[in-house]
Structures are given as structure tokens and as C-alpha cells.
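The values are calculated or read from the model by the stated rules, or taken from the named source; none is laboratory data. Note that the coordinates shown come from a computational prediction; the quantities given were computed from them, not determined experimentally. In this analysis, Cβ positions are derived from the backbone assuming ideal geometry, glycine residues included, and neighbour counts consider all displayed protein chains.
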Amino acid sequence: MAANAVLTVPATPVLHVSYVKSGSFLLWKTFDLLFRRAGQKRSFVQQHTIQGQRSAWPEFSIEQFDIDQILVQDDGVHWQIETQHIERIDDLPAYLAACSHVWTHSFLCERSWEVYPQFPRVCYIVRDPRDALVSMAHFVQTPFMRRYHPHPARSPADYVAMELVPFLEDWCRHAGDHLRAKRALDIEFVRYEEMVADLPATLRRLARWVGLGLDDADILAVAGELSVDRMQQQNPQHVRRGGSGGFARLLNAEQQQRALAICAPVLRAHGYEV
């Protein structure tokens with residue numbers, strides 16, 4: 001990550017982008033805690049009247065009602081809570097002014113080139129898609145997913161057998177398109193594996209990049225809140241192991257070869273050794 005001088009005023013809102021199950025929740029929690037620690041947290045959804053409906057959504061975790069998430073498509077920009085509530089944003093500057101950081105899983109499209117530049121900072125978290133596939137294979141078995149996004153797979157192995165090709169092809173498009181747009185859209189990339197390996201170092205870099213004047217005590221306090229054990233306790237359906245390389249335990253040799261045939265070029269472009 002490029003070194004940046006600490007800013008007097010944090011550059012907000014931050015847009016954090018990811019493909020599904022690629023460290024999205026970890027990055028959201030990271031920014032959430034960093035902004036809170038700096039006393040700079042703002043949220044559109046947390047102030048919205050929809051908060052009164054929290055108890056009416058079985059299997060939802062509390063944090064799903066706390067995430068400022070947008071959907072960027074050619075037909076418009078929408079704010080959403082998962083896919084159960086999607087509402088058009090008619091005044092994007094006003095929405096952004098209410099947020100310190102915003103999350104999206106959206107693929108790049110023509111409208112992205114209008115939306116991304118309205119964020120002073122854009123951060124993309126990338127993860128080995130084979131591990132992301134395994135994470136999704138387990139996630140679809142949770143009560144939340146069975147209720148709201150049912151999938152015919154009856155086990156993680158079934159999911160991998162059914163979805164390996166489309167999941168990895170979509171990852172290649174999502175991660176590849178964002179990497180190609182890195183300079184034009186001024187996107188900062190963070191690798192999930194490096195973040196997990198040295199969380200305090202990544203927190204320092206992200207805090208400095210945004211312009212949050214946090215000291216080492218602040219960083220270590222945030223790192224403690226982001227421990228895998230703590231996040232599992234708070235969100236057992238969304239946090240499983242938090243490691244890397246686990247795909248070798250679920251994908252057989254043929255599936256591993258097929259996965260590399262699909263995504264090796266984009267993996268290498270993101271700096272992974274394959």
C-alpha cells in the first residue's frame with residue numbers, strides 16, 4: 001500500500017469492494033472499528049427507520065442491519081440490507097455524506113465509473129478464490145442461507161461440485177476487472193491472506209491511508225476486537241476459520257486442477273504464487 005501522510009480530515013466515505021466470501025466482513029469490521037476508535041463513525045442505515053424491523057428478520061445477525069451496503073448497476077444505485085431490502089438512492093451525495101464507509105459486492109459496470117470517483121478512497125480486498133469457494137460452500141449450509149438463499153447442495157462437497165466453475169469464473173471477472181481499473185479508479189488493494197498474517201500492520205496502513213490519527217494503542221485495541229475467536233462468538237454464521245489454504249481439504253485433485261485452469265492468470269496478476 002502506498003505511503004500517505006496522515007490527513008487532518010479523514011478522506012470519507014471509504015468504499016470497500018470485494019467478491020463474495022473474500023474477507024468482506026473482516027474489512028467492514030476493520031473500517032467500522034477504526035472509524036469508531038477515531039470518533040468518526042457515520043451510518044445511513046443505522047439512523048434509518050428500518051431499524052425498527054430488526055426483530056422481524058429471523059436468522060439475520062444484528063450486524064447485517066448495521067452495514068451500509070450499496071448495489072451498483074447500470075439501472076441505478078441502491079442501498080440494501082442483504083437482498084431482502086433494496087431501495088433506490090435518488091440523492092447519492094446526500095447518502096454518502098451520511099456514511100463513513102460503504103460496502104459493495106457489485107461487479108464493475110458503466111455506472112461504476114460514475115459512482116467510484118465520488119468516494120475519496122476505494123479499497124478492494126482480494127482472497128484466493130479457492131478458499132472463497134470453500135467458505136461459500138460452508139456458508140450455504142447455515143440457517144441464514146437456508147432460509148433466505150436456499151441452495152440444493154446438501155453438503156459443502158455438493159456445493160463445490162455444482163458451483164466450482166461459475167463461482168471461479170465470476171471471481172475472475174470481478175477481481176480481474178477491478179485490477180484492470182486500478183489506476184483509472186484509484187483503487188487500493190489489500191490481500192486477505194496478508195491481512196490475516198499481520199493484522200496490526202494492515203490496520204496501521206489502512207488507518208494512515210484513510211487519514212485517521214490513531215496510535216499504536218488504538219490499533220492494538222482494534223486488532224483485539226477483530227480476533228477470529230471474538231468474531232466467531234459474535235457472528236457464528238458469517239465467520240468460520242478465517243485462515244487460508246483450506247481448499248486442499250475439500251477440493252479433490254481434479255477439482256484443484258480445474259480451479260487453477262480457470263483462475264491462475266488472475267491469481268498471478270494479484271500477486272499470488274500458483
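Condition check for GLN53 on (1) touching a residue at least 40 places away in the same chain (Cβ under 8 Å); (2) surrounded by fewer than 18 Cβ atoms within 10 Å (Cβ to Cβ); (3) in contact with a His (Cβ under 9 Å, 6 or more places away or on another chain); (4) not acidic (Asp, Glu): one failure, at (1). For segment 37-60, the set of residues classified as over 25 Å from ARG147 (Cβ atoms), part of a loop (DSSP other than H, G, I, E, B) and touching a helix residue (DSSP H, G or I) at 6+ places or on another chain (Cβ under 7 Å) consists of LYS41, PHE44, listed by residue number.
Of the helices (runs of 4 or more DSSP H) lying entirely inside segment 125-223, the ones with 3 or more residues being at pLDDT 95 or above and small (Gly, Ala, Ser) are found at 156-180. The set of residues from segment 22-36 being modelled with pLDDT under 95 and touching a helix residue (DSSP H, G or I) at 6+ places or on another chain (Cβ under 6 Å) comprises just one member, GLY23. Taking the conditions (1) loosely packed, with under 13 Cβ neighbours inside 10 Å; (2) modelled with pLDDT of 95 or more in turn, VAL17 satisfies each one other than (1). The combined condition, being touching a His at 6+ places or on another chain (Cβ under 8 Å), surrounded by 19 or more Cβ atoms within 10 Å (Cβ to Cβ), aromatic (Phe, Trp, Tyr) and in contact (Cβ under 8 Å) with a residue 12 or more places away in the chain, is not fulfilled by TYR116. If you go through segment 187-221 and keep only what is within 18 Å of HIS270 (Cα to Cα) and either out of contact with any strand residue (DSSP E or B) (no Cβ under 7 Å at 6 or more places or on another chain) or aliphatic (A, V, I, L, M) (or both), you end up with ILE187, VAL190, GLU193, GLU194, MET195, VAL196, ALA197. Taking interchain pairs and intrachain pairs at least six residues apart, which have beta carbon atoms under 9 angstrom, with the first residue in segment 88-113 and exposed (fewer than 15 other Cβ atoms within 10 Å of the Cβ) and the second of a type in the set (Gly, Ala, Ser) and not in a loop (DSSP other than H, G, I, E, B)? From residues that are exposed (fewer than 15 other Cβ atoms within 10 Å of the Cβ), the pairs are ARG88/GLY76; ASP90/GLY76; TRP113/ALA184. Residue-level analysis places GLY271 outside the set of residues that are at pLDDT below 95 and within 30 Å of LEU33 (Cβ to Cβ).
From the list ILE89, ILE81, ILE70, ILE62, the lone residue that is modelled with pLDDT of 95 or more and under 29 Å from PHE139 (Cα atoms) is ILE70.
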